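Take a look at the structure set out below.
The values are calculated or read from the model by the stated rules, or taken from the named source; none is laboratory data. Please read these numbers as outputs of a predicted model, since none were measured by experiment. Methodologically, a virtual Cβ is constructed for each residue, glycine included, from the backbone with ideal geometry; neighbour enumeration extends over all protein chains shown.
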Amino acid sequence: MLYRIISRLYPKKIHDSFGQMLMYNNISADIDRYLGLVTIFSLILAILISSLIRIFVSFNIFLLFLASFIITLSSVYTYLVLSADSRAKFVEEMLPDALQLMSANLRAGMTVDKALLLAARPEFSHFKDDINEVGKEIATGKEFGEALMGMTRRIRSEKLLKTFQLVITGVESGGELADLLEHSASNLRQQKLVGERVRSSVLVYVIFIFSAIGF
């Protein structure tokens with residue numbers, strides 16, 4: 001009850017944002033309990049930090065406490081964001097291989113749900129769990145497109161979202177799912193190569209500019 005009261009003190013936008021970050025990080029904790037614990041932890045840490053700083057610096061203790069509390073709370077949120085981005089980046093790296101495996105399984109005559117479940121390889125780490133989840137949802141009767149979009153709500157990746165939107169649109173237009181998955185995997189690999197070339201070119205220009213400045 002206390003945790004719920006504390007969490008409701010936050011604006012709805014902040015409350016929902018923390019909840020979204022928990023989902024992106026696959027943390028199943030209750031958002032009210034999580035926010036309540038984080039708030040209590042931030043308050044205790046802010047009291048300790050502000051008291052310690054006050055010993056060495058003559059400054060308003062309330063402002064020190066407020067700044068310490070905000071910084072601590074922001075640090076927790078920043079950690080969640082960075083962790084979600086790291087998880088999404090790993091998924092984007094594994095996505096072409098996963099799509100290729102799904103396509104190969106479909107061409108071998110498997111059903112969509114079985115093709116997904118067998119494509120969930122151990123080397124995909126946590127992404128394997130997301131693929132398994134989609135396969136189970138399809139096996140229990142959920143529509144293919146709805147199950148895929150459910151994954152995009154659990155992973156903070158724009159590339160994953162756009163890829164699945166294209167696949168779903170292609171299927172609804174009458175395209176062959178195996179072909180769509182294979183083409184998507186090929187396009188993602190091509191995008192990765194182009195991105196690496198662009199980064200290499202930019203790095204060369206940066207080195208040249210700084211060398212010229214240094215000279």
Exercise. Which numbered condition trips up Leu148, out of (1) surrounded by fewer than 21 Cβ atoms within 10 Å (Cβ to Cβ); (2) touching a helix residue (DSSP H, G or I) at 6+ places or on another chain (Cβ under 9 Å)?
Worked result: (1)
Problem set entry | Verdict on Gly135 being closer than 24 Å to His183 by Cα, surrounded by 17 or more Cβ atoms within 10 Å (Cβ to Cβ) and out of contact with any strand residue (DSSP E or B) (no Cβ under 7 Å at 6 or more places or on another chain) | yes
For this session: Give the number of residues within the range 133-151 that are out of contact with any Asp or Glu (no Cβ under 9 Å at 6 or more places or on another chain) and under 19 Å from Lys89 (Cα atoms).
Result: 2
For this session: Return yes when Thr78 is in contact with a Leu (Cβ under 6 Å, 6 or more places away or on another chain), among the β-branched types (Val, Ile, Thr) and either over 29 Å from Lys192 (Cα atoms) or not in a loop (DSSP other than H, G, I, E, B) (or both) and no when it is not.
Result: no
Exercise. From the list Leu106, Leu82, Leu101, Leu95, which one is at negative phi, surrounded by 19 or more Cβ atoms within 10 Å (Cβ to Cβ) and under 21 Å from the mean Cα position of the chain (by Cα)?
Worked result: Leu95
Exercise. Just wondering, is there one or more residues in the range 168-178 that are modelled with pLDDT under 85 and polar (S, T, N, Q)?
Worked result: yes
